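Asks: Quick one: structure below, then a few questions.
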Amino acid sequence: MSTRPLVIALPKGRIQQELVPLFKKAGVRPEKAFFDDSERQLQFACEGSDISLIRVRSFDVATFVAFGAAQLGVCGSDVLMEFDYGDVYAPLDLGIGHCRLSVAEPEGLAGDELARVSHLRVATKYPNLTQRYFAEKGIQAECIKLGGAMELAPKLGLASRIVDLVSTGKTLKANGLREVETIAKISSRLIVNRAAFKTRSAEINALVERFREAVDAQ
């Protein structure tokens, strides 16, 4: 067994809060500072185990795991679809972080317009996924990559459509947009570095099973 701690990469924000009950059931007990939103440190120990937690941006979780800086992580299926890392294995849907990845357009557009175009300019955090999706429909998507405030793009003429995560749809409505197509339903997954899964199989399998039992107990 390795003497190095197992590093788990976690996203900042809402998902971290949803993970707390699962951690408790799986016997993962982060140090007190982990629960302090004002805490600036990014790496945390866990009581009674050789597990270390790192807190990073949601889009960076898969990168840390793919390149072996973390052996495990938690990220949305949207991130996995966007980057499609071959070195990442996703053995478990955690049943949290539910939302959908959708196409939205200004309220005033005709509902069938997408069926009649061959080229679109789309604002999104997901250029790879968006281009693949529209290519399957025979549409060339010119993607403008934005990190946020996607809803402003159609209003200011930056793009005619957006592709973004949607939960309630209230933000879209408040900005004069409507959801017209769902690309995928999204949830958070437990992911594992494939090389680590082979070299540290006993440790990682045991931890994955603890999370699986925690999910089943939810």
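The values are calculated or read from the model by the stated rules, or taken from the named source; none is laboratory data. Everything quoted here is computed from the prediction, not taken from an experiment. Backbone-built Cβ (ideal geometry, glycine too); neighbour counts: all protein chains shown. In case anyone asks, the SASA skips ligands and DNA or RNA and just uses the protein heavy atoms, side chains included. Shrake-Rupley method; radii C 1.70, N 1.55, O 1.52, S 1.80 Å.
Asks: Looking at the stretch 68-218, what % of its DSSP beta bridges pair antiparallel, to the nearest 5?
Replies: 70 percent
Asks: Roughly speaking, to the nearest percent, how much of the stretch 35-150's 1.4 Å accessible area is carbon and sulfur?
Replies: 47 percent
Asks: I've got another one for you. With charges set only on the Cβ (+1 for Lys and Arg, -1 for Asp and Glu), what does the dipole of the chain come to about its Cα centre, in debye to the nearest 20?
Replies: In total the dipole reaches around 160 debye.
Asks: May I ask you to derive the FRET efficiency for ILE144 and GLU18 from their Cβ-Cβ distance with R0 = 22 Å, giving the value to the nearest 0.05?
Replies: Here the calculated transfer efficiency is 0.15.
Asks: With the radius of gyration and the Kirkwood radius both derived from the Cα set of the chain, what is their ratio Rg to Rh?
Replies: With Rg and the Kirkwood Rh in hand, the quotient comes to 1.03.
Asks: Residue by residue through the stretch 65-77, what is 3J(HN,Hα) from phi via Karplus (6.51 cos²θ - 1.76 cosθ + 1.60, θ = phi - 60°)? Round to whole Hz and write x for glycine and proline.
Replies: Per residue, the Karplus-derived 3J(HN,Hα) values read 6, 4, 9, x, 5, 10, 7, 9, x, 10, 8, x, 5 Hz.
Asks: Still on this structure, please answer the following. Under Stokes-Einstein, with the Kirkwood radius over Cα pairs standing in for Rh, what whole-number D in µm²/s applies to the stretch 126-218 at 37 °C and 0.692 mPa s?
Replies: Using the Kirkwood radius from Cα pairs, D works out to 197 µm²/s.
Asks: Once label points are set 7 Å from the Cα along Cα→Cβ at both LYS155 and ALA115, what is their separation, rounded to one decimal in nm?
Replies: 3.0 nm
Asks: Using the Cα centre as the reference, give the magnitude of the dipole from point charges on the C-beta atoms of the stretch 1-56 (Lys, Arg: +1; Asp, Glu: -1; all else neutral), rounded to the nearest 20 debye.
Replies: 120 debye
Asks: To continue, here is another question. Mind checking the per residue accessible area of the chain for me, 1.4 Å probe, whole number of Å²?
Replies: Computed with neighbouring chains in place, this is 51 Å² per residue.
Asks: Okay, moving on. Using a 10 angstrom cutoff on alpha carbons, build the Gaussian network for the chain and name the most mobile of GLY76, GLY68, GLY48.
Replies: GLY48
Asks: Running a GNM on the chain with Cα contacts under 10 Å, which residue among LEU190, LEU19, LEU158 ends up with the highest mean-square fluctuation?
Replies: Of the options given, LEU158 has the highest mean-square fluctuation.
Asks: Once you have the Cα-Cα distance between SER38 and GLU179, take 0.36 nm times their residue separation minus that, and quote the gain in nm to one decimal.
Replies: Result: 47.3 nm gained on full extension.
Asks: Quick one: compute the contact order of the stretch 68-158, relative version, from alpha carbon pairs under 8 angstrom and 6+ residues apart, as a percent.
Replies: Rounded, it is 26 percent for the stretch 68-158.
Asks: Report for the stretch 1-98 the percent antiparallel among DSSP-assigned beta bridges with both residues inside it, nearest 5.
Replies: Antiparallel bridges make up about 35 percent of those DSSP assigns within the stretch 1-98.
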